[in-house]
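Asks: Got a structure for you, written out below as structure tokens; questions coming shortly.
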Amino acid sequence: LGRKNYLFAGSHEAAQRAAMIYSFFATCKKHEVNPLKWLKYTLENIMSINHKNLKDLYPQNYKRKLQESNM
């Protein structure tokens with residue numbers, strides 16, 4: 001399904017960006033993370049995070065952070 005959708009992305013770069021977003025949303029689904037909440041959190045915090053800690057914004061790490069804050 002994805003391959004056919006990428007034909008209509010407009011350019012090769014746009015298709016790559018779409019594939020990246022689909023991958024993040026698939027990761028959210030795999031780790032049972034709400035994609036909208038994750039994306040909002042990521043966009044709010046991406047400018048203030050150290051580039052060495054960028055992995056902290058990944059969906060699987062976001063879920064871990066939520067679990068730690070609820071304890």
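Asks: Within region 11-71, which GluC sites (Glu not before Pro) sit in a loop by DSSP and count at most 13 neighbouring Cβ atoms inside 10 Å?
Replies: Answer in residue order: GLU32.
Asks: Helix 12-30 versus the longest principal axis of the chain: what angle, 0 to 90°, nearest 10, using Cα atoms?
Replies: The angle comes out at about 40 degrees.
Asks: Same structure, new question: For the chain, find the longest principal axis of its Cα atoms and tell me its angle to the long axis of helix 35-45, 0 to 90°, nearest 10.
Replies: Orientation of helix 35-45: about 70 degrees from the principal axis.
Asks: Show me, bin by bin at 10 Å from 0, the whole-percent P(r) of the chain based on Cα pairs.
Replies: 19, 41, 30, 9, 1
Asks: So, with +1 on the Cβ of K and R and -1 on the Cβ of D and E, and no other charges, what is the size of the charge dipole of the chain about its Cα centre, to the nearest 20 debye?
Replies: 180
Asks: Which lysines, on any chain, are close to LYS63 with Cα under 21 Å apart, when same-chain ones fewer than 8 places away are left out?
Replies: LYS29, LYS30, LYS37, LYS40, LYS52, LYS55
Asks: In deg cm²/dmol and to the nearest 500, what is the mean residue ellipticity at 222 nm of the chain if only DSSP H runs of at least 4 residues count, each as -39500 (n - 2.57), divided by the residue total?
Replies: -20000 deg cm²/dmol
Only the coordinates and a few stated rules stand behind these numbers; no lab work does. As the structure is a computational prediction, the values presented were derived from the model and not from experiment. When we count neighbours, we look across all protein chains shown, and the Cβ atoms used for this are built from the backbone with ideal geometry, even at glycine.
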